[in-house]
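Novice: Would you mind keeping the following structure in view while I ask a few things?
The values are calculated or read from the model by the stated rules, or taken from the named source; none is laboratory data. All values reported here derive from a predicted model rather than from experimental measurement. Backbone-built Cβ (ideal geometry, glycine too); neighbour counts: all protein chains shown. Heads up: the accessible areas ignore ligands, DNA and RNA and are worked out on the full protein's heavy atoms, side chains in. Shrake-Rupley method; radii C 1.70, N 1.55, O 1.52, S 1.80 Å.
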Amino acid sequence: MRRKHQPAPDDPPVTSGVSRRGFLGRTSAVVATATATVVPGAPEAEAAAPGAADVPGEHLVTVRLTVNGEPRRLRVDPRWTLLDVLRERLGLTGTKKGCDRGQCGACTVHVDGRRVVSCLTLVATLDEHHVTTIEGLGADDELHPMQQAFLDRDGFQCGFCTPGQIMSAVCLAGEGHDGSDDEIREYMSGNLCRCSAYPNIVDAVKDAGRVRH
Ligand code: FES
Ligand code: FES
């Protein structure tokens, strides 16, 4: 049985030949390649989501949403979570599944600019909404300032919680809740780190805030 914060089988392995600083950059490259295989705005970009073979088609509903700037039209079961559709059908595995019950924050993404835990968000409720995942931050050849700050400050060890931490931190900074260490800790308290990289995460959030200001 997979432990709570152990990377999923399709997560990129961290080998002894890869530095922690290089890990996020390498992940971004892998993610960019995977994202490129998704047909942007395909008119019938339907997703046979998890368990689709066992679900009669009449139970599926159509959802039109934008994911990382790309319009998507999906046929989904009303019970499917945003997290599972992102990972299993759209190949956006940067968003991690930790607890799958809203307690760890590993699955944090943005919906219309606000952070949500995607494991508790039904994708069927997101018609006409905008979703941003860790793959949608920054540009092709330039990290988002928060991603860069996490790299510069070593704000991670295994990296499993990092996408969720960064997505939360971007919203926190946008909300102006990065005024002090205590405030950052309070507003990041929904994102757990099994490796206890918390001091470096706080430093990273402060650094990114200085870039913003
Ligand atoms: S996977 Fe833990 S909060 Fe969603
Ligand atoms: S859980 Fe390992 S870096 Fe946070």
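Novice: Among the residues of region 117-131 satisfying the criterion of being open to solvent by less than 40 Å² (accessible area, probe 1.4 Å) and polar (S, T, N, Q), which is nearest to Ala169 (Cα to Cα)?
Specialist: Only one residue fits best here, namely Ser118.
Novice: For region 89-99, state whether one or more residues are of a type in the set (Gly, Ala, Ser), within 16 Å of the chain's Cα centre (by Cα), at negative phi and within 16 Å of ligand 1 (Cβ to nearest atom).
Specialist: Yes, the conditions are met somewhere in region 89-99.
Novice: Now a separate question. Would you confirm, using the coordinates I've provided, whether Ala169 is of a type in the set (A, V, I, L, M, F, W, C), open to solvent by less than 20 Å² (accessible area, probe 1.4 Å) and away from ligand 1 (no atom under 16 Å from the Cβ)?
Specialist: no
Novice: Being at pLDDT below 95 and either assigned by TED's automatic domain parsing to the domain that holds Thr132 or open to solvent by less than 30 Å² (accessible area, probe 1.4 Å) (or both) narrows it down to one residue among Gly159, Gly209; which is it?
Specialist: Answer to the check: Gly209.
Novice: Name, by its number, the condition in (1) open to solvent by 10 Å² or more (accessible area, probe 1.4 Å); (2) more than 16 Å from ligand 1 (Cβ to nearest atom) that does not hold for Ala149.
Specialist: Of the numbered conditions (1) open to solvent by 10 Å² or more (accessible area, probe 1.4 Å); (2) more than 16 Å from ligand 1 (Cβ to nearest atom), the odd one out for Ala149 is (1).
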